[in-house]
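Structure record follows, encoded as structure tokens.
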Amino acid sequence: MSASLFIDGVWTEGSGKRRGKILNPATGQQTGEVPFVEEADLDRALAAAQKGFLVWKAMSPVERSKIMRKAAGHMRERHEAMARAITAEQGKPIAEARIEAALAPEHTEWNAEEGRRAYGRLIPARASDVTQISLREPIGPVAAFSPWNFPVNQVVRKIVSALAAGCSIIVKAPEETPSCAVELVKCFEEAGVPEGVVNLVFGVPAEISEKLIASPIIQKVSFTGSVPVGRHLGALAAQHLKPTTLELGGHAPFIVTEDVDPEAVAGAAAASKFRNAGQVCISPTRFLVHDKVFDRFVDAFTEKAEAIKVGDGMEDGVKMGPLAQARRVEGVDALIQDAAANGAEIRTGGRRIGNQGFFYAPTILANVPLSARIMNEEPFGPVAIVNRVSSLDEALDEARRLPFALASYAFTNSLNAADRIADEMEAGMVTINHFGLGVPETPFGGFKDSGHGSEGGTEGLEAYLRTKFVTRRR
Ligand code: NAD
């Protein structure tokens, strides 16, 4: 497989010679390469985004919506190709990749419709011959940076929010997983999105972000990734007075109260925890389980984790693939060994699997002390921490202890507990008694170190609009 850049409506290898390697995480072997942009290519992309913006902005929302819906149709045609590219380069099981690819047209269609509803308002004036209008208009060309863990989903969300608002976009998609982003962008091209409106680049991330964020053409920055990089890009954007949407890391608490069926909750928790090998910003990581159901919960959770078939995501029956890169295996293993050294019990896992590819066993740690790094750093891998709590107050205190505040979960049969959790949790998202996050119509985002702004929902679209006030006397 090999990927290309898409600049000003043209697929190109770029003007330089630098290339990145594409690896299959299930084997660790190189399967292709990706061209890296040079500064001259970025200059062309910026000029294209400026030109494309003026064309796209001038089209009516209905026309834009029709083109976006057509792109969604092409995504359904390319569904299997996108899914296979995800698994081949990112590693997740093909069934999960198919779900991710199937969501792309859903995000596109929802935004295509919502973009038609970017209403302004008429504000009653103080004089009868004055009209006051608050208009919502597209903010301008956008620079977006998306990560490798959901290599279609994270790219499509940024593109369709921008397009729905009437903006053009330059996306730096992940170098590790470029092929599915290429498939996705082809859908916009085939649907007739005008030249320069969607541009796709790969390269050295820091070079690209510094160049794009500083450019006077770019009016908005959107980033999904780690807290340190988010902090850095946020500072760069602030320096150039560009608004940001930052969707950063998480360390999600998962409260289990004393009145639930612990085996049933453990079954649901295992499916959620080990999805995408835990490389999910909203992955539940700190299970805070009431003392009365703790032992049964840990036993059932361990049994479920041990039953997960780990292997090449292309193989039938595989429920968890490899981690996406060798550096993730090293990072996760270091956190787990540190926890064990600090006194945590490794109930299952805690080791690599096989001698090729980036496989790691689903891991459950119990009774992990706060001194362990994993209690404070985002694990971003197939590891769950299960700790005992004796009250809801104690669970909430631990849930709110960290500066991360993205997703949070709770399973309870108490209405009072559910209300308190919804009210007192410090997190951008609270999901109770199910796993209901990430659909196109709902906001997705965090507080504090987990970033700011929302992707998805009407809030996601808002982030790509600006307000213009017009007042006129007859
Ligand atoms: P990383 O911090 O090196 O990179 C994260 C992402 O940011 C990558 O896609 C990378 O290409 C991009 N990036 C890095 N430096 C950049 C720069 N200067 N300008 C623009 N983009 C830049 O981490 P990693 O090893 O790739 O991933 C592991 C960590 O990333 C995890 O611990 C997790 O916190 C975070 N992460 C979060 C999400 C999320 O959905 N919020 C997704 C993927 C990774």
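Tabulated data for the structure shown
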| read-out | value |
| --- | --- |
| Point-to-point label distance, ALA238-ARG116, nm (Cα→Cβ direction, 7 Å offset) | 4.1 nm |
| Projected label distance in nm at LYS57 and ARG466, using a 7 Å step from Cα toward the beta-carbon | 0.8 nm |
| Exposure proxy ranking, count of Cβ atoms within 10 Å, fewest first, for ARG18, ARG64, ARG388, ARG296 | ARG18, ARG296, ARG388, ARG64 |
| Crossing angle, helix 39-58 versus the chain [Cα axis fit, 0-90 degrees, rounded to tens] | 70 degrees |
| Likely footprinting exposure, ILE7, ILE208, ILE308, fewest C-beta neighbours within 10 Å first | ILE308, ILE208, ILE7 |
| At most 16 other Cβ within 10 Å, DSSP loop - GluC sites (Glu not before Pro), region 344-420 | none |
| Net length gained if the chain between ALA206 and ILE353 were fully extended (0.36 nm per residue, minus Cα distance) | 49.6 nm |
| Full-stretch length increase - GLN132, PHE447 - with 0.36 nm per residue and alpha-carbon distance subtracted | 109.9 nm |
| Trypsin sites (Lys or Arg not before Pro) restricted to DSSP loop in region 114-182 with at most 10 other C-beta within 10 Å | ARG126 |
| Loop-resident sites, region 99-178, for chymotrypsin sites (Phe, Trp or Tyr not before Pro), counting at most 11 other Cβ within 10 Å (DSSP) | TYR119 |
| The chain: angle of helix 227-239 to the longest principal axis, Cα-based, in degrees nearest 10 | 20 degrees |
| Above-threshold pairs, the threshold being 31 Å between Cα atoms, out of LYS158/LYS309; LYS172/LYS309; LYS70/LYS92 | LYS158/LYS309; LYS172/LYS309 |
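Read the figures in this text as sums done on the coordinates, not as results from a lab. What you are looking at is a predicted structure, and each value in this text was computed from that prediction instead of being measured. Note that each Cβ is placed from the backbone with ideal geometry, even for glycine, and that neighbours are counted across all protein chains shown.
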